[in-house]
Amino acid sequence: MTIFQQLSVNKGTISSSLGKQFAQNILQENRIDILMECIDLSSYQASNASFRNIRAGAAKVIELVAEKQPALVAPHLEKLLPALLVKEPQTRWMIIRVMGFCARLNKLVAQKAIPFAQKYIEDKEGLCIASSADLYLGDLGAISKDDAQRVFPILDQSMKSIVENEQDWLLEALFKMFKNLDQDGQNTAVKFAERWQYSFRKTTQKRALQIIKARMG
C-alpha cells in the first residue's frame, strides 16, 4: 500500500506503531521521500473531516522526526504552515511542536506560527494544544532576548487562564527561556513557579523549583 493508503486505514491512536515505523524509516534509512509525502499530507484537503486521520497520522511522523533530527524538517516549515489551520486539534498541536523543534534552524518561518499559538492559547481547546503552543513559544524565547520579549506576553496571558495540568508545560516553557527574560519577566515567571512548588505532582514541583533556583543562581 502507498503511504496515503496506510494512513487512511490507520484508525488507532496518533502515536501508533505505523507512525513510529515511518519515522524510523526516515531517520534510519534516509527515506526523505516518506517525510516529504507526510509534509504534503499534513494539510491534505484541510477542510474535509474525512481525511483527519491521514493529516494527523502524517503530522505525527513529522513530529517524531523533527524531535530527533530537526535539520531534516526545518527547511520545509513553510509547507507545514497550512496544517496549523486544519480543524482537528491533533494535527495542529503536533505541527506547532514541530515549529518549536525547528525554531533555531529556521526562525524566520517558525515565527510565522506565533499568531496561531496565540489563538490556541486564547481558545484553550484542551491541554494538548494549549501546552504545545506554550512549549513552542518557549522554544522561540530560548533563542534570544529579543525573541523572549516578543513571545513572553502571550505566555503571560496563558498563565492567567490555564487548563488542568497545563502548568507543567508552562513551567517548562518558562524555564527554557528564563535566562533571556528581563527582570520583570523573570519576576513574573518566579511568581508563577511559586504557586506550584508545593504541588502534589512531583513533576510540577521539579519544574517549579528549576525556575526558582534559576533566579537564585
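Summary of computed values
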{"read-out": "Among (1) touching a Lys or Arg at 6+ places or on another chain (Cβ under 8 Å); (2) part of a helix (DSSP H, G or I); (3) among the basic types (Lys, Arg), the one test that LYS87 misses", "value": "(2)"}
{"read-out": "Tally of residues being part of a helix (DSSP H, G or I) and within 20 Å of LYS60 (Cβ to Cβ) across the range 95-113", "value": "9"}
{"read-out": "Among (1) aromatic (Phe, Trp, Tyr); (2) within 27 Å of HIS76 (Cβ to Cβ); (3) assigned to a loop (DSSP other than H, G, I, E, B) - the single one PHE116 does not satisfy", "value": "(3)"}
{"read-out": "Among the residues listed as ARG92, ARG150, the single one being charged (D, E, K, R), buried (at least 22 other Cβ atoms within 10 Å of the Cβ), out of contact with any strand residue (DSSP E or B) (no Cβ under 8 Å at 6 or more places or on another chain) and assigned to a helix (DSSP H, G or I)", "value": "ARG92"}
{"read-out": "Filter result (among the aromatic types (Phe, Trp, Tyr) and closer than 12 Å to MET159 by Cβ) within the range 170-217", "value": "PHE192, TRP196"}
{"read-out": "Filter pass, PRO82 being without any contact (Cβ under 8 Å) to a residue 60 or more places away in the chain, within 22 Å of ARG52 (Cβ to Cβ), in the same structural domain as ILE26 (by TED's automatic domain parsing) and out of contact with any helix residue (DSSP H, G or I) (no Cβ under 8 Å at 6 or more places or on another chain)", "value": "yes"}
{"read-out": "Selected residue (criterion: surrounded by the fewest Cβ atoms within 10 Å (Cβ to Cβ)) from residues of the range 66-88 that are small (Gly, Ala, Ser) and within 15 Å of LYS112 (Cβ to Cβ)", "value": "ALA74"}
{"read-out": "Only listed residue being closer than 15 Å to THR91 by Cα and under 19 Å from the mean Cα position of the chain (by Cα), chosen from ALA49, ALA23, ALA58", "value": "ALA58"}
{"read-out": "Lone unmet requirement of (1) modelled with pLDDT under 95; (2) among the acidic types (Asp, Glu); (3) part of a helix (DSSP H, G or I) for ASP156", "value": "(1)"}
{"read-out": "Flag for ILE14 being modelled with pLDDT under 95, closer than 18 Å to LEU135 by Cβ, surrounded by 14 or more Cβ atoms within 10 Å (Cβ to Cβ) and not assigned by TED's automatic domain parsing to the domain that holds LEU155", "value": "yes"}
{"read-out": "Enumeration of residues in the range 166-217 that are among the basic types (Lys, Arg) and either in contact with a Leu (Cβ under 6 Å, 6 or more places away or on another chain) or assigned to a loop (DSSP other than H, G, I, E, B) (or both)", "value": "ARG201, ARG207"}
{"read-out": "Search result, residues across the range 176-187 that are more than 18 Å from ALA117 (Cβ to Cβ) and buried (at least 17 other Cβ atoms within 10 Å of the Cβ)", "value": "PHE178, GLN186"}
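This table checks each residue for (1) in contact (Cβ under 8 Å) with a residue 12 or more places away in the chain; (2) under 21 Å from PRO115 (Cα atoms); (3) loosely packed, with under 15 Cβ neighbours inside 10 Å.
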position	(1), (2), (3)
LEU155	yes, yes, no
ASN165	yes, no, yes
ALA173	yes, yes, no
SER199	yes, no, no
ILE211	yes, no, no
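The values are calculated or read from the model by the stated rules, or taken from the named source; none is laboratory data. These numbers were taken from a predicted model, which means no experiment stands behind them. Note that each Cβ is placed from the backbone with ideal geometry, even for glycine, and that neighbours are counted across all protein chains shown.
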